[in-house]
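Data first, discussion second: the structure below is written as structure tokens.
Every number in this text was worked out from the coordinates using simple rules, so none of it is lab data. All values derive from a computational prediction rather than experimental measurement. A quick note on method: Cβ atoms are made from the backbone with ideal geometry, for glycine too, and the neighbour counts reach across all protein chains shown.
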Amino acid sequence: MGLRQCEICKEAQSKYKCPSCLTPYCSVVCFRKHKENPCQKSSPPLKSVGAESLTKAAEVLPERAYHVEEPSWVLGKEQLESIVESKEIRDSLQSKDLQNLIKSISSSKNPENELDEAMKGQNFRDFTDKIISIVSNQQKDP
């Protein structure tokens, strides 16, 4: 699957697709410019774990409510975009073992316990450390 040209700036190859209409874009700047005008929702099947599927997954509302004791624990849109755009995170998510572990945590009746168990494994700790590093760096760079 080859890269297509960014539909927004028409200058660079696209690395991502809009989660709503699948318009190819190359950067956060182009994505924000694209989102200035509403676009049509598209619902093709997700074939691989990439920026577009992570963004689409982030848009799905949880089936159950989550109580957050500290509001600062909730990530903002910019922080989530930083995670989605990280090649390191996308590469990590190519691991079927990691995908299955995340699905197991997400679908569990007791996700807190599943998460505690997952944190005992080095691969999952490395993955969460990458996310924390990205979010921390994004907070430092306004």
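Which length gain, in nm to one decimal place, applies between S27 and R4 when the Cα-Cα distance is subtracted from 0.36 nm times their residue separation?
7.0 nm
Is there a pair in K33/K96; K33/K77; K77/K120; K10/K103; K15/K35 whose C-alpha atoms are over 27 Å apart, and which pairs would that be? Check vs 27 Å cut-off fails for K33/K96; K77/K120; K10/K103. Restricting the trypsin sites (Lys or Arg not before Pro) of segment 66-127 to loop positions (DSSP other than H, G, I, E, B) with no more than 10 neighbouring Cβ atoms within 10 Å leaves K109, K120.
Close amide H pairs (under 5 Å, H built 1.01 Å from N) link K17 with Y25, E52, residues at least 5 positions away or on another chain.
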